[in-house]
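For reference, the structure is listed below as structure tokens.
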Amino acid sequence: MTEEINWLERINATARYLREKVGDMPRTAIILGTGLGELVNHIEITHALPYNEIPNFPVSTVEGHQGRLIFGMLGGKRIMAMQGRFHYYEGYDMKEVTFPVRVMQAVGVKTLFVSNAAGGMNPDFRIGDLMIITDHINLFPDHPLRGKNHPELGPRFPGMNDAYSPRLIAKAREIAAIRDLRLVEGVYVGVQGPTFETPAEYRYFWRIGGDAVGMSTVPEVIVARHGGMEVFGMSVITDLGVEGIVSEVSHEEVQQAAAAAEPIMTLVMQEIINQFDEL
Ligand code: HPA
């Protein structure tokens, strides 16, 4: 009980810290996962706060992520961006993984953009494809909303219909059509990792309705939706778990494929963020 009160207190204390440090808070946030690292170069940065300087923030450990909370302008919109996220496989619990999203909620963020790298099960997918996430299947072993519910944060039993904003998905399709970009669409399966999948697991995820699988995003999206935010997400397909062509996958290959797809991911995200009407 006291722990729970402390948790709310911690969220609010961090929100207060950010308000004091940065001033007016944005209504739009981005989690710069794999494939979106370069987007940071397009942000006119006003503040960049290393996670270890933000009270109550966990500290990022994984290779390839720096761990800063960035504030600035992107295409005329005020935004905040997480450069580096917290993965469950690193050992954080679900409240830690999703803590930054609660802080976003507390400072008044209304729309969340996320990206990740994922392995594709859909046989129509190719390495380097960008997938608009239309829905997810949560296979994490713990749930970020487990435990006492705080009605001021959201409902006890939140719906997960339209977890991924139909209007933002439509906007992404429109941008892809205008720019003649190949964007695929599909269901993201969220798993804990850190192992990549066995061929049988890829086959299983495809059979249960998944198009791509990865080790992030689902916890953050659940918390964002619980908190009433609108969400848009994209995956870079960095390897394939398609029957007959399951490739040996490594972290380096994932990083390489993601880097190759990065300019297009960046372009699409930037245009959506430019063009959408803030709630
Ligand atoms: N499985 C899980 N996570 C991933 C994969 C994968 O094949 N590729 C990139 N992230």
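The values are calculated or read from the model by the stated rules, or taken from the named source; none is laboratory data. Note that the coordinates shown come from a computational prediction; the quantities given were computed from them, not determined experimentally. Cβ placement follows ideal geometry from the backbone for every residue including glycine, while neighbour counts extend to all protein chains displayed. Just so you know, the surface numbers come from the protein's heavy atoms only, side chains and all, with ligands and any DNA or RNA stripped out. Shrake-Rupley method; radii C 1.70, N 1.55, O 1.52, S 1.80 Å.
Just a few scattered comments:
- Cut-off 14 Å (backbone N to label point 7 Å along Cα→Cβ of GLU248), residues of region 173-203: none
- Each stretch of four or more DSSP H residues adds -39500 (n - 2.57); spread over every residue of the chain, this sum gives -10500 deg cm²/dmol at 222 nm.
- Protein heavy-atom accessible surface, 1.4 Å probe, per residue over region 105-255: 43 Å².
- Max mean-square fluctuation residue, GNM over the chain, Cα-Cα springs under 10 Å, options GLY128, GLY76, GLY186: GLY76
- Accessible-area order (highest first, 1.4 angstrom probe) of the listed residues LYS95, LYS110: LYS110, LYS95
- Area accessible to solvent at GLU220, 1.4 Å probe radius, in Å²: 10
- Largest to smallest in accessible area, the residues ASP93, ASP239 fall in the order ASP93, ASP239 (1.4 Å probe, all protein chains included).
- Two numbers describe the Cα atoms of the chain: Rg and Dmax, which are 17.8, 55 Å.
- Extended-chain gain in nm, criterion 0.36 nm per residue less alpha-carbon gap, ARG179 and THR198: 3.2 nm
- Rel. contact order, % - alpha carbon contacts under 8 angstrom, at least six apart, the chain: 26
- Modelled FRET efficiency - R0 22 Å, LEU8 with HIS143, Cβ distances, 0.05 increments: 0.75
- Antiparallel DSSP beta bridges within region 110-226, as percent of all bridges there, nearest 5: 15
- Fraction of accessible area attributable to carbon and sulfur, the chain (%, probe 1.4 Å): 49
- Shape call, region 117-191: gyration tensor on alpha carbons, a/c limit 1.5: oblate
- Chain lengthening between GLU38 and VAL59 when straightened (0.36 nm per residue, less Cα-Cα): 5.5 nm
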